[in-house]
Amino acid sequence: MGRKGKRTKGIEEAHPFAGMSQVNLNAAGVDIGAVEIVSCVAGENSMQIVKAFGNYTVDLQAIGRWLQEYNIKTVAMESTGVYWIPLFEVLESMGFKCLLISSRSLRRVPGRKSDIEDAQWIQTLHSYGLLESSFRPQADLVALRTMLRHRAQLLEHRAPHIQHMQKALLQMNVQLSQALSDVMGETGQTIIRAIVQGERSPKLLAAFRDPGCKKTEEEIGQALTGTWREEHLFVLKQSLELYDFYTKQIEVCDEEIDRAYAMIRPDWETGELPPIPKKKQNTHSKNAPKNYKEIRMHLKRINGVDLSLVDGFGVSLAQTVTMEVGSDVGAKFPTEKNFCSWLGLAPKHEISGGKVLKNKTLKTKNRAGQAFRMAAQSVKKSDTVFGVMYKRFRARQGPAQATVSTAHAIARVVYRMLKYQVEYEAISVNEYEKKYEEQQVKYFKKKAAKLGFQLVPA
């Protein structure tokens, strides 16, 4: 507009959605806060109706009834902390199709200044089909995923108490960490418990030595000669008690997880489990559940394939990927590229005017993506195909990006296994090297042809 309110010549008013048709006619947008939930639906004459509710369960049910009055079929909401979970579950139980929208995708658009305008903006974008729902696994896996995440938190809470015990021992100059490779192994725990119970003799403490220990009893006895100050012994005692407490809680959690596994799709047949290769035997983490064999059977029944056979994977990583991704991976991710992008293992390309502005992998807290990165770390020194890949990637890209590239390759394999229901069959390194050489020759022939040359064997 000009200075006197007249339209400036050559400039017209902008209508961001002009020429676009609404895709979701019965759509609602919800902005979720800690104490208030604002819902927005479409009214007559392109008007929007907004109503605020509380966050009690009766309020959540009232939201559902209010949305039913306006014949709403789909509801879009932002994933705000954990506040969205109760409303999501209530609306889903009432028959609504709920879309969980990441805050990253909404943060990039302007015009949102209040909770009301947030709800209006979400409803508008959702009605025009401009929002993509975040991935959430099947409903029967959500409860199990919650317990597995809780178990991981219990392990994190237990870890500092192990450090506190090691610190207390060092402050008394008890060099148990030098005598044993694993302080919290069976031998280490026996020695620590004997110290807490009052044993101070290095010779008697060293007698708990495991026969497989490389150090002699005399060397261990020298490491177990301490000052035995009372304040450090007190810290050691309490840290051990807290360690035992969390260990007990983890065991109880494992029992509950096992019961939950048995209730998930019990009518599905497990089939015959493929044998574990010798190189993957006895490679289970000490933090893994003791009943990993039973868990492997449960995962095989849920997925239809055995993910624990993949190089770099074990039962724990296979369990994490299953709960975070779900078994029907093809329904949400049509291609491998979609899957790897969601995992945060593919670079995000931003191109303008033919110029690449950004070509980096986005930072993400995706737990499944982290599991694939852990798998890549575990194979980097192995003689497997993925180990060869990592070494080749590292020579070109550096160690950090090599981990991402190797995780990307493992993720593609897992995607094909889940989508096409095929078991993992590892190829030999020689076979992989031969295939790689053929691809390189084909690539260079193509590049030479573009330049008007022809490659001739030497």
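Quick notes on this one:
- For the condition surrounded by fewer than 16 Cβ atoms within 10 Å (Cβ to Cβ), at negative phi, part of a helix (DSSP H, G or I) and of a type in the set (D, E, K, R), Glu272 does not qualify.
- Any pair with Cβ under 9 angstrom, 6 or more apart, that starts in the range 391-402 at a residue that is assigned by TED's automatic domain parsing to the domain that holds Tyr436 and ends at one that is surrounded by 13 or more Cβ atoms within 10 Å (Cβ to Cβ): none
- Some residue of the range 210-220 being touching a residue at least 40 places away in the same chain (Cβ under 8 Å) and either surrounded by fewer than 17 Cβ atoms within 10 Å (Cβ to Cβ) or assigned by TED's automatic domain parsing to the domain that holds Lys293 (or both): yes
- Of the residues making up the range 163-190, those that are surrounded by 15 or more Cβ atoms within 10 Å (Cβ to Cβ), in contact with a helix residue (DSSP H, G or I) (Cβ under 7 Å, 6 or more places away or on another chain) and under 22 Å from Ser285 (Cα atoms) are His164, Met165, Gln166, Leu176, Ala179, Leu180, Val183, Met184, Gly188.
- Just one of the listed residues (Gln377, Gln440) is within 23 Å of the chain's Cα centre (by Cα), in a helix (DSSP H, G or I) and surrounded by fewer than 17 Cβ atoms within 10 Å (Cβ to Cβ), namely Gln377.
Residue by residue, here is whether (1) at pLDDT 85 or above; (2) closer than 23 Å to Leu125 by Cα; (3) in the same structural domain as Glu89 (by TED's automatic domain parsing) holds:
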{"position": "Arg7", "(1), (2), (3)": "no, no, no"}
{"position": "Glu13", "(1), (2), (3)": "no, yes, no"}
{"position": "Glu44", "(1), (2), (3)": "no, yes, yes"}
{"position": "Met77", "(1), (2), (3)": "yes, yes, yes"}
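- Single residue of the range 51-86 satisfying the filter (exposed (fewer than 13 other Cβ atoms within 10 Å of the Cβ) and of a type in the set (A, V, I, L, M, F, W, C)) that is farthest from Cys98 (Cα to Cα): Val58
The values are calculated or read from the model by the stated rules, or taken from the named source; none is laboratory data. These numbers were taken from a predicted model, which means no experiment stands behind them. As a convention, Cβ positions derive from the backbone with ideal geometry for all residues, glycine included, and neighbour counts pool all protein chains shown.
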